[in-house]
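What follows draws every value from the coordinates through simple rules; no lab data is involved. What you see is a predicted model; the values in this text were computed from it and never measured. Methodologically, a virtual Cβ is constructed for each residue, glycine included, from the backbone with ideal geometry; neighbour enumeration extends over all protein chains shown.
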Amino acid sequence: QVQLVESGGGLVQPGGSLRLSCRASRSIFSANVMGWYRQAPGKEREKVALIFNLGSPNYADSVKGRFVISRDNAKNTVYLQMNNLKPEDTAVYYCTGTYSGTQYWGKGTLVTVSS
C-alpha cells in the first residue's frame with residue numbers, strides 16, 4: 001500500500017501561481033510513473049501532467065507552457081508548479097503514482113482561481 005498526500009492548494013487570483021506538493025510513503029524512484037490529475041465540478045477527472053523515471057514529462061494541452069511537473073527522489077515528493085492560472089484551472093487536484101502496475105491516489109487538494 002502506498003499513501004500519497006497532497007498539499008499546496010488554495011485560492012489564487014487569475015494570473016497567479018501555486019505550487020502543489022505530493023509526498024509518497026514509498027520511494028518514488030520505484031514508481032513507474034507519478035503524476036497529477038484534476039476534476040472540476042460536474043466534469044470527469046482528467047490528466048494534467050505525468051513524470052516518468054526516464055523520458056520527458058507529459059502534459060495536457062490545456063496546461064502546456066504554464067505548468068511544470070518535477071520530482072525530488074530524496075524527499076519522495078512530486079511537485080506541480082502552476083503559473084498563469086486561469087479560472088478554468090479550478091478543480092480538485094489529485095496526485096497519483098503507479099507502482100508495479102497498481103495505481104494509487106491521494107485524497108486531493110482544492111485549487112480555486114477567482115478574483
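Numbers below:
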| item | result |
| --- | --- |
| Gain upon complete extension [ARG45, VAL33; 0.36 nm per residue less C-alpha separation] | 2.6 nm |
| Neighbour count of at most 15 Cβ within 10 Å plus DSSP loop: longest trypsin sites (Lys or Arg not before Pro)-free window in the chain | 67-106 |
| All lysines inside 19 Å of LYS47 as judged from Cα atoms, apart from same-chain residues fewer than 8 positions distant | LYS64, LYS86, LYS107 |
| Per-residue HN-Hα couplings for the stretch 86-94 [Karplus 6.51, -1.76, 1.60; θ = phi - 60°; Hz; x = Gly/Pro] | 10, x, 6, 7, 4, 4, 8, 9, 10 |
| GluC sites (Glu not before Pro) within the stretch 18-115: DSSP coil, no more than 10 neighbouring Cβ in 10 Å | GLU44 |
| R0 of 25 Å, Cβ-Cβ distance SER56-GLN3: FRET efficiency to nearest 0.05 | 0.35 |
| The stretch 27-108, relative contact order in percent, only Cα pairs under 8 angstrom and at least six apart counted | 35 |
| Net lengthening on full extension, GLN103/ARG26 (0.36 nm per residue, minus Cα-Cα) | 26.4 nm |
| Under Karplus coefficients 6.51, -1.76 and 1.60, residue-wise ³J(HN,Hα) of the stretch 43-53 in Hz, glycine/proline x | 10, 7, 5, 10, 6, 10, 7, 10, 9, 10, 5 |
| Residues with amide H under 5 Å from that of TYR99, placed H, sequence gap 5 or more | ASN32, TYR104 |
